[in-house]
Amino acid sequence: MKTLLPVFVLLLGSGIAIHARAAETGKVWEIEATKDQTFVVKGEKKPVITAKAGESITLRITAQKGTFQAKDGAVHGFTIKSLADQGWNIRLKEGIQEVTLKAPEKPGEYVIECTVPCGAHHADQKMKLVVTP
């Protein structure tokens, strides 16, 4: 019985640390940049992701090659122009990329757009980031 209590406390302590680490990184959003020049957010009817102001956001983005690609091999872009200098300017190569970004401190709606000419409907390839207080 004496050995079970320290093990339980150790496991409980580890569980708290693991939970705290998961809370720090926030939700993982699964996004697809399709060959048809659209953004699709897994589990959502519309291409919208939400976050609290200043929250850490992990994006797992699967990019499919459309009709065209850039000279550097990028098949899509994932950019909020006003936040490009804060990491919100990702060039996507074909396959899966995972990035963690910080949501803006200012609540509001931000347009995410493709910045790599990827096909005929490239200009319409947009989605939203909604930041809440």
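Couplings 3J(HN,Hα) of the range 113-119, computed from phi: 9, 7, 10, 10, x, 10, x Hz, in residue order, whole Hz [Karplus 6.51 cos²θ - 1.76 cosθ + 1.60, θ = phi - 60°; x for Gly and Pro]. Among the listed pairs LYS27/LYS128; LYS27/LYS93; LYS45/LYS71, a Cα-Cα separation exceeding 27 Å is found for LYS45/LYS71. In the range 26-132, the C-alpha radius of gyration followed by the widest Cα-Cα span (Dmax) gives 12.8, 37 angstrom.
For a straight C-alpha distance cut-off of 15 angstrom, the aspartates and glutamates reachable from LYS52 (same-chain residues fewer than eight places away being disregarded) are GLU24, GLU105, GLU109. All other residues with a Cβ under 13 Å from the Cβ of GLU44 taken together, and with Lys, Arg as +1 and Asp, Glu as -1, what is their net charge? Summing Lys/Arg as +1 and Asp/Glu as -1 gives +3.
Just so you know, all these numbers are worked out from the coordinates, no wet-lab data involved. None of the values given here were measured: they were computed from a predicted structure. All Cβ positions, glycine included, derive from the backbone under ideal geometry; neighbour counts span all protein chains shown.
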